[in-house]
Structure formats: structure tokens, C-alpha cells
Amino acid sequence: MSLTFADLDIASVESFVLTAYERIAATTLYPGDPVRLMMETLAYVAVVQNQIIDLAGKQNLLAFATGEHLDYIGMMVGTPRLGHSPATCKQRFRLEAPLAFAVTVPPGTRVTTKDRRAVFMLPDGLTIAPGETEAVGVVVATKPGAAGNGLVPGQIDAMIDPVAYVTGTDNVSVTMLGADVESDSRYRSRVQQAPESFTCAGPVGSYRNLVMAVHQDIADAGIWSPKPGTVDIRPVMVGGLLPPPEIIDAVRQAVSADDVRPLTDTVTVAPPEPIPYHIDVSWSLVRANEPLLSTLTDQVAAAAADFIAWQSAVPGRDIQPDELQARMKAAGARRVLIREPLYTTLPPYQLAQNAAVNIEFIGVEDD
């Protein structure tokens, strides 16, 4: 359905302006007539104004609103946009040798990478106990955003603020949980689902809305009731990743608050149970497309990668080989022989995760 609040067709507006003038002035305006040129200019101005009117009208509708307009629509249903958040990781501080007294690393101590592009801070401080040579604390990025994610252990290995007796530092976990401001598309989806949270009966939609509001990197959640009075929640991260402990704790806190959880519900939160599967397929190509073999091989591999991402995006999504076959054929394969995976039904607490991929080209065939 195409929705417009004003006529945006240039030819239509120009025709309306010209015929209106000709009707009023009882004349005919031919191409090149100075009056016609002026009317065409006015028609252009009218089209620009119509575009502004159309944009203003659409910004009042959830399906089209963007930016701050979308924020105000979200406010009407009590759903604010998620802001940016800093990346975090576990950081180790080391001594050269054990000491007979405790060494305190004060709050606010900053550490960084070799190139000093990513700076992290120890918000709470920590103490290296007497006789110990190291202690581990949590550091957070000084600049919020997803750019701080993905630093592997050992990359944050320099101290900006020296601490007496501390001779070295390094991160012992991957930096994660940094997030940019929630995108319009994800926020729009949450605003649309917000009315689900208005009920106090504890439906699936209400719990999903609470889970999705915890962090931008939560892609979906499996929600089910294994027995009466019990709700089991299994969030999954963007990219089909299992949620880290920090996300599990945050989700547990969000769905267990007394003002959102029905009194009769016992709520448990845990990572989905990973169910590994393999992709083992063969495919052929139509003889007429043989010159495109290299390109189509890449497209078929990309189709398999898209299938893997789709399969692990939602907890409880059945493992569906027919989906893989459809995607590979759409990518250019003539015939697809799937040995694995087999169709497997998954309950809401399980998540399909690919363990291996084998894609074999078996040659060209006549159409």
C-alpha cells in the first residue's frame, strides 16, 4: 500500500497548475510562453511543499517515523530508545613479585591498547591481597559505543595511570556489550510490541518486550512455560551468539521486578541450549551458466552463510534443510542434494548452531 499525504507527481501538479490558470484566464499557455514558465516554477515550488507536507504527515505514523519523531511516538507507549553503552571486559593487574602488604589499584585507573586508541577505566578499584601477584577487575570503555567491542585477551596491555608496585596489566576476556544508540528499525519494532507489556497476565509478548529492552545486541528470546506458574526465558544475541553472563543477569533483573512480573510467575533466565548441526551438501549448475561458475560458487556459499545466520537468529527455530535448499537454488544452483542437516524440531529453549560446512560442486547438467 502506497500512502501519501500530498500529490508528489511533478507532471500531475504541473498539469493542475497550468490548467487552473488557463481556465481562470481563458487562455492557452504554449511552451516557451513567459507566463507558462512562471506557472511551471510555481508548480515546482508546490511539489517541494507537498514533499514537506507528506514527510510531516508520515512522521506521525510509526511505520514511517524516524529519529526524534520516532522517539516521541515511543514516549506515548512508555518505551524510550536505548542509548549507547560502553564496552566492558575483565582486566588483570600484576605485580612483579608477592608483597607482604595489600596493593590498591584506585578507582578511575585507566588502561589502554598499544596504539592508545581504546581507553578503559577501572570504575570500582581493586586490591591485590598480600602474598598474591595479581587481581582481576572489570573495566569499562571511556567512550561508549560498539567500536570498543572485539578486543581479544592481551590487547589492552598498557597503563595510562601508573600505580605503585603494579608492573603490568592485560585484559583476560574479550571486550563486549558496547552498543551504539538503538537503530530506528529495532526501536520501531519495540514500540510496535509495547502494548504487549500493558497486560499484567504475563503473556509471551510482554516478557519478550522486557527482554528486548535490556540491550541492543539481544536479537530475540525463546519464552515458554515448562510447567504451570513457571516462565523460562532464553535470550540470543545478534549473530546467533549465546548471551554472556552479564546479559543473563541484566535480563533476569528486568523480568523479575515486582512491577512487571506477575506474582504467580517463577521466572528463570538462561542461555539457550546449543544444538549443533552440520551442513553437507552437493550442488550442480545449469550448463548454460558454466561461464559464471566462479560467481555462482560464491553466491551459493553466501546463501549457505545466510542460512546459518537465519537458523541461529531465533531460539526454538526448527532446523530446516528445505530453507537451505531454497536459498541455494535462488543463488543459482540447479540441483541441491542435502545429506545434512536433517529436519529437526527444536523447543523454545534450544538454539541451532552450525558446527561444520561442506559444500561440494558436482558439475554441470543440462537444463
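The values are calculated or read from the model by the stated rules, or taken from the named source; none is laboratory data. What you see is a predicted model; the values in this text were computed from it and never measured. Cβ atoms come from the backbone with ideal geometry, glycine included; neighbour counts cover every protein chain shown.
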Note on the range 305-331: residues more than 21 Å from residue 365 (Cα to Cα), part of a helix (DSSP H, G or I) and without any contact (Cβ under 8 Å) to a residue 60 or more places away in the chain are 305, 306, 307, 310, 321, 322, 323
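Yes or no, residue by residue, for (1) more than 30 Å from residue 126 (Cα to Cα); (2) among the hydroxyl-bearing types (Ser, Thr, Tyr):
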{"position": "29", "(1), (2)": "yes, no"}
{"position": "41", "(1), (2)": "yes, yes"}
{"position": "56", "(1), (2)": "yes, no"}
{"position": "64", "(1), (2)": "yes, no"}
{"position": "78", "(1), (2)": "yes, no"}
{"position": "90", "(1), (2)": "no, no"}
{"position": "94", "(1), (2)": "no, no"}
{"position": "103", "(1), (2)": "no, no"}
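Could you list all residues from the range 38-63 that are outside any helix (DSSP H, G or I) and either touching a residue at least 60 places away in the same chain (Cβ under 8 Å) or in contact with an Asp or Glu (Cβ under 8 Å, 6 or more places away or on another chain) (or both)?
62, 63
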Residue 167 passes all but one of the listed conditions (1) within 24 Å of residue 101 (Cα to Cα); (2) buried (at least 19 other Cβ atoms within 10 Å of the Cβ); (3) hydroxyl-bearing (Ser, Thr, Tyr); the exception is number (2)
With the first residue restricted to the range 354-367 and required to be in contact (Cβ under 8 Å) with a residue 40 or more places away in the chain, and the second required to be assigned to a strand (DSSP E or B) and of a type in the set (Asp, Glu), Cβ contacts under 7 Å at 6 or more apart or on different chains are 358/280
The condition from (1) touching a helix residue (DSSP H, G or I) at 6+ places or on another chain (Cβ under 9 Å); (2) surrounded by fewer than 14 Cβ atoms within 10 Å (Cβ to Cβ); (3) farther than 25 Å from residue 62 by Cα that residue 240 misses is numbered (2)
*Within the bounds of the range 121-129, is there any residue that is out of contact with any helix residue (DSSP H, G or I) (no Cβ under 7 Å at 6 or more places or on another chain), free of Cβ contacts under 8 Å to residues at least 12 places away in the same chain and surrounded by fewer than 20 Cβ atoms within 10 Å (Cβ to Cβ)?*
no
Restricting the range 174-212 to residues that are over 24 Å from residue 262 (Cα atoms) and either β-branched (Val, Ile, Thr) or in the same structural domain as residue 119 (by TED's automatic domain parsing) (or both), the one surrounded by the most Cβ atoms within 10 Å (Cβ to Cβ) turns out to be 175
Reported set for the range 17-43 where residues are in contact with a helix residue (DSSP H, G or I) (Cβ under 8 Å, 6 or more places away or on another chain), surrounded by 13 or more Cβ atoms within 10 Å (Cβ to Cβ) and of a type outside the set (A, V, I, L, M) is 21, 36, 40
